[in-house]
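Visitor: One structure is given below, represented as structure tokens, and several questions about it will come after.
The numbers here are math on the coordinates, done by the rules we state, and not lab data. The shown structure was predicted, so the numbers you read here are calculated from the model rather than taken from an experiment. Ideal geometry is used to build each Cβ from the backbone, glycine not excepted, and the neighbour counts take in all protein chains shown.
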Amino acid sequence: LSAWRRTRMADEAPFQFLHNEVIQYIYTSAENGETENGRHIATLENMGFRVGQGLMERLTKDAARFKDELDIMKFVCKDFWTCVFKKQIDNLRTNHQGIYVLQDNKFRLLSQLSAGKQYLEHAPKYLAFTCGLVRGALSNLGVKSIVTAEVSIMPACKFQIMIQKM
Amino acid sequence: MAVCIAVIAKENYPLYIRSVPTQNELKFHYTVHTSLDVVEEKISAVGKSLGDQRELYLGLLYPTEDYKVYGYVTNSKVKFVIVVDSSNTSLRDNEIRSMFRKLHNSFTDVMCNPFHSPGNTIQSKAFDGIVSGMMVQTASTV
């Protein structure tokens with residue numbers, strides 16, 4: 001897992017390969033062939049969470065202090081997304097009451113999967129890690145949230161962040 | 001050179017605290033604890049002072065008779081506190097800043113260590129080494 005931290009800047013391909021392999025591993029190493037999809041998704045999400053925490057610590061090391069929540073979300077959409085996926089979020093919407101929707105029209109981890117509706121049922125597996133990544137990143141900044149993702153036509157997808165008031 | 005260095009989590013409990021061995025080490029713990037109030041004050045003051053002070057370094061928190069306490073808060077709300085001897089007048093602001101920088105860098109490495117869980121106390125030899133390099137060396141320390 002320490003390899004995840006080292007590949008953050010180098011190349012996209014190793015990260016994508018590793019990500020796909022992790023998903024494969026988790027699903028094939030399930031005992032008795034049970035399809036406990038929920039538990040696998042949770043495992044992936046938790047992995048992402050831990051990586052997100054460490055990554056955010058590294059990225060904010062040299063950044064100025066954040067002014068407010070919106071500032072943090074913009075940072076996630078630009079710097080954070082660029083660091084992991086080499087591109088920014090295409091669209092950020094909010095209701096100014098703690099709900100943010102991040103739209104990525106060409107999500108890197110889905111672009112090799114399909115260009116439409118094929119394999120749509122497998123998409124959640126490929127989004128779980130990233131949901132955790134965002135949740136972990138925000139948690140490190142003191143923001144508690146629930147992150148979900150939805151996709152209707154690949155490779156575009158939307159991440160929805162619900163800030164939990166503590 | 002510090003006499004005490006502490007790392008405090010965002011929930012205000014210590015992740016790491018190391019002081020020069022003396023008769024009354026508890027007083028350093030107390031000093032660090034009271035400095036947290038000053039840190040809170042400074043952070044909330046930053047919000048009001050029109051956007052300029054967005055630095056992570058907080059500067060001198062407060063001087064006591066024997067010591068001076070400096071603070072630094074990361075974006076992840078983790079606080080670093082350095083206590084130096086008041087008699088050490090040769091220590092300049094720049095040097096303190098670079099001490100905090102080193103601490104922050106080492107702390108980031110600890111956070112990225114997959115064997116470390118955020119929220120647990122820091123048990124990294126590398127971090128210990130960095131801190132040792134900044135502490136006052138006394139004859140009795142190993």
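Visitor: So what is the relative contact order of chain A, in percent, for Cα pairs below 8 Å that sit 6 or more residues apart? Mind dumping the intermediate values first?
Guide: On the way: 230 pairs, mean separation 44.6, N = 166.
Relative contact order here is 27 percent.
Visitor: Here's a follow-up. Give me a single rounded figure for A:48-56: the average over its residues of other chain Cβ atoms within 10 Å of their Cβ.
Guide: Taking the mean over all residues of the peptide, I get 3.
Visitor: DSSP loop (so not H, G, I, E, B), at most 13 other Cβ within 10 Å: list which chymotrypsin sites (Phe, Trp or Tyr not before Pro) in the range B:89-142 pass both filters.
Guide: The qualifying sites are B:F115.
Visitor: Cα axis of helix A:123-140 to longest principal axis of chain A: angle in degrees, 0 to 90, nearest 10?
Guide: Tilt of helix A:123-140: around 30 degrees.
Visitor: Which residue, chosen from A:A64, A:I26, A:Q160, occupies the Cα position most advanced towards the positive end of the dipole of the range A:3-163, where the dipole is computed from +1 (Lys, Arg) and -1 (Asp, Glu) charges on Cβ about the Cα centre?
Guide: Of A:A64, A:I26, A:Q160, it is A:A64.
Visitor: Still on this structure, please answer the following. Over chain B, with a Gaussian network built from C-alpha contacts below 10 Å, which listed residue (B:H104, B:H29, B:H116) shows the highest mean-square fluctuation?
Guide: Maximum fluctuation in the GNM of chain B, among the listed residues, is at B:H116.
Visitor: Just to be sure I follow the definition: excluding the sites themselves, where is the longest run in chain A that has none of the GluC sites (Glu not before Pro) in a DSSP loop with at most 16 other Cβ atoms within 10 Å?
Guide: A:37-166
Visitor: Still on this model: Please report the relative contact order for chain B, taking Cα pairs under 8 Å with a sequence separation of at least 6, and give it as a percent rounded to a whole number.
Guide: RCO, chain B: 29 percent.
Visitor: Please work out whether the range A:35-124 counts as rounded, prolate or oblate from its C-alpha gyration tensor, where a ≥ b ≥ c are the square roots of the eigenvalues and a/c under 1.5 means rounded, while otherwise a/b larger than b/c means prolate and anything else oblate?
Guide: prolate
Visitor: Under the definition of partner shielding as Cβ atoms of other protein chains within 10 Å of a residue Cβ, what is the mean value for peptide A:69-82?
Guide: If you average over the peptide's residues, the count of other-chain Cβ atoms is 0.
Visitor: Only counting other Cβ atoms within 10 Å, I'd like B:S124, A:S152, B:S76, B:S90 sorted with the fewest neighbours first.
Guide: With the fewest neighbours first, B:S124, A:S152, B:S76, B:S90 line up as B:S90, A:S152, B:S124, B:S76.
Visitor: Just to confirm the number: angle between the C-alpha axis of helix A:37-59 and the first principal axis of chain A, 0 to 90 degrees, nearest 10?
Guide: 40 degrees
Visitor: When B:K68, B:K102 are ordered from fewest to most other Cβ atoms inside 10 Å of their Cβ, what list results?
Guide: Sorted ascending by nearby Cβ count, the order is B:K102, B:K68.
Visitor: Skipping prolines and chain starts, which residues have an amide H placed within reach, meaning under 5 Å, of the one on B:L15, given they are 5 or more residues away or on another chain?
Guide: Distant-sequence amide H within range of B:L15: B:V7, B:I8, B:A9.
Visitor: Which of the chymotrypsin sites (Phe, Trp or Tyr not before Pro) found in the range A:58-131 are in a DSSP loop and have at most 13 neighbouring Cβ atoms, other than their own, within 10 Å? Walk me through the numbers before you get to the answer.
Guide: Details: sites: A:F66, A:F75, A:F80, A:W81, A:F85, A:Y100, A:F107, A:Y119, A:Y126, A:F129; in loops: A:F66, A:F107, A:Y119.
When the chymotrypsin sites (Phe, Trp or Tyr not before Pro) of the range A:58-131 are filtered for loop state and at most 13 Cβ neighbours within 10 Å, A:Y119 remain.
Visitor: Quick check: net charge around A:I146, other residues with Cβ under 13 Å of its Cβ, Lys/Arg +1 and Asp/Glu -1? Before the final figure, lay out the partial values.
Guide: Values: positive: A:R135, A:K144, A:K165; negative: A:E45.
Surrounding charge for A:I146 is +2.
Visitor: Antiparallel versus total DSSP beta bridges in the protein assembly as shown: what percent is that, nearest 5?
Guide: Just about 95 percent of them are antiparallel.
Visitor: Around A:L92, with a cut-off of 10 angstrom between Cβ atoms, what is the net charge of the other residues, counting Lys and Arg +1 and Asp and Glu -1?
Guide: Spelling it out: positives minus negatives among the neighbours equals +2.
Visitor: Set the bar at 26 Å for Cα to Cα. Now go through A:K117/A:K158; A:K67/A:K106; A:K78/A:K125; A:K87/B:K42 and name every pair that lies beyond it.
Guide: A:K67/A:K106; A:K87/B:K42, as the Cα separations exceed 26 Å there.
Visitor: Further, regarding this structure: Counting only other chains, and only Cβ atoms inside 10 Å, what mean value do you get across the residues of A:142-150? Intermediate values should be presented prior to the final figure.
Guide: Working: counts 6, 0, 0, 0, 0, 0, 0, 0, 0.
For this peptide, the per-residue mean of nearby foreign Cβ atoms is 1.
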